[in-house]
1. Listed residues Ile283, Ile300; which is assigned to a loop (DSSP other than H, G, I, E, B) and touching a residue at least 24 places away in the same chain (Cβ under 8 Å)?
2. Select, from Ser124, Ser107, the only residue that is more than 17 Å from the chain's Cα centre (by Cα) and either outside the structural domain of Asn68 (by TED's automatic domain parsing) or not in a strand (DSSP E or B) (or both).
3. Of everything in the range 137-169 that's among the small types (Gly, Ala, Ser) and in contact with a Gly (Cβ under 9 Å, 6 or more places away or on another chain), which residue is surrounded by the fewest Cβ atoms within 10 Å (Cβ to Cβ)?
4. Could you say whether any residue in the range 275-284 is crowded, with 18+ Cβ neighbours inside 10 Å, polar (S, T, N, Q) and over 21 Å from Ile159 (Cα atoms)?
5. If Ala131 meets every condition in (1) in contact with a His (Cβ under 6 Å, 6 or more places away or on another chain); (2) at pLDDT 95 or above apart from one, which number is that one?
6. Output the number of the condition that Leu272 fails; it satisfies all remaining conditions of (1) closer than 23 Å to Val156 by Cα; (2) loosely packed, with under 15 Cβ neighbours inside 10 Å; (3) touching a residue at least 12 places away in the same chain (Cβ under 8 Å).
7. Pull out all pairs, ordered by first then second residue, where Cβ-Cβ is under 6 Å, the residues are six or more apart or on different chains, the first lies in the range 19-47 and is free of Cβ contacts under 8 Å to residues at least 40 places away in the same chain, and the second is among the charged types (D, E, K, R) and surrounded by 14 or more Cβ atoms within 10 Å (Cβ to Cβ).
8. Every residue in the range 103-117 that is under 25 Å from Gly184 (Cβ atoms) and touching a residue at least 12 places away in the same chain (Cβ under 8 Å), please.
Amino acid sequence: MAPTLKDVAERAGVSRSAVSRTFTDGASVSVKMRRKVETAARELGYHPNALASSLTTGRTKLIGLVSNNFRNPFFLEVFDLFTRGLQDRGLRPLLVNLSDETDPASSVQKLRQYSVDGVVVASSTLPPSFAKAFRDAGVPVVHSFGRHSAAPLVHVVGIDNIECGRMAARALVRRGYRRLAFLGGPPDATSTQDRLAGFLAELEAHPGTSASHSFAAAYSFDAGRAEMLRLLETGAPAEAYFCGDDVLSIGALSAVRDRGLKVPEDVGIIGLNDMEMAGWENIGLTTIRQPIAQIVTASIEEMVAMLDAPDRAPEARIFPCEVVERSTLKPLPR
């Protein structure tokens, strides 16, 4: 039988309430008492029951980690950082797959059933109203990789996707490309809309350039490949493509090569995210890097702060991005 709180109390010669206070964050207990209880617990191999503790404190330390795009390997990296970061803070991540979920009320109900202390919506495609539904229900929420706004509805941590679209356009124009194209994810995704808007707006400042755009069915390899195959079958390809996500870019790269075209000699491709796979030698994707680790760390900091002060006014923390040079675009002219 595993040792119990009662066993620790008897071993330490103290009351059960003293043991309970010792293992309750913020509870008052003397240094001498704490040492006696911790020594007894260590000798017995006792570990406090997290569920029992939540009944005492009213906190579960569960943080719902919500995403709607588990098919994108980029988010595997995100989840790895989030789960380790939350655990390092003494919090317990509860991973929730909301793929194909569009009703925020249903999502709120699902998370409240688990009595989570807070929710991190880790998605670049869900609208701000989705995360706001949690706030309206009284659940502390942070929208990681969410849509940038000067007056956010909830705490947002991420990047300026409009500026990323501008960065991609400038990178292509500087390399001499003139017939350009945007290949985005689903058209109703906020990240797709903003990246396209920035891309087109920047090209308006560069006479002699032209741009077309199309959308893949999802942020996935198969969707990016299928859309690029369709484009190649319907006419001559653009000189270069800004694919609004690395995994779309890798799918498009596969399609271009399968049709006997060379990258970057015949077609240039630039992505966004700088997921680990983008740097593999057989891919070598030129892309726009968003600082994933910084975004995750800042999101966790926001969540910890909200647990202590849930009424804090929403704020946006936006991180700059940079172009990572690899081999899918022509080099910059000297």
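The values are calculated or read from the model by the stated rules, or taken from the named source; none is laboratory data. Given the structure is predicted, the values throughout are model-derived calculations rather than measurements. Don't worry about glycine lacking a Cβ; one is built from the backbone with ideal geometry, like all the others, and counts go over all protein chains shown.
1. Among Ile283, Ile300, only Ile283 is assigned to a loop (DSSP other than H, G, I, E, B) and touching a residue at least 24 places away in the same chain (Cβ under 8 Å).
2. On the way: Ser124 fails: more than 17 Å from the chain's Cα centre (by Cα).
So the residue among Ser124, Ser107 that is more than 17 Å from the chain's Cα centre (by Cα) and either outside the structural domain of Asn68 (by TED's automatic domain parsing) or not in a strand (DSSP E or B) (or both) is Ser107.
3. Initial filter on the range 137-169 (among the small types (Gly, Ala, Ser)): 137-138, 144, 146, 149-151, 158, 165, 168-169.
Applying the additional criterion that residues be in contact with a Gly (Cβ under 9 Å, 6 or more places away or on another chain) yields 144, 146, 158, 165, 168-169.
Working: Ser144: 28, Gly146: 30, Gly158: 23, Gly165: 29, Ala168: 29, Ala169: 26.
Of everything passing the filter in the range 137-169, Gly158 is surrounded by the fewest Cβ atoms within 10 Å (Cβ to Cβ).
4. No: zero hits.
5. Ala131 satisfies every listed condition except (2).
6. Tallying (1) closer than 23 Å to Val156 by Cα; (2) loosely packed, with under 15 Cβ neighbours inside 10 Å; (3) touching a residue at least 12 places away in the same chain (Cβ under 8 Å), Leu272 fails exactly one: (2).
7. Within 6 Å, the pairs are Thr22/Arg34; Ala27/Arg21; Val29/Arg21; Ala40/Arg11.
8. Pro104, Ser107
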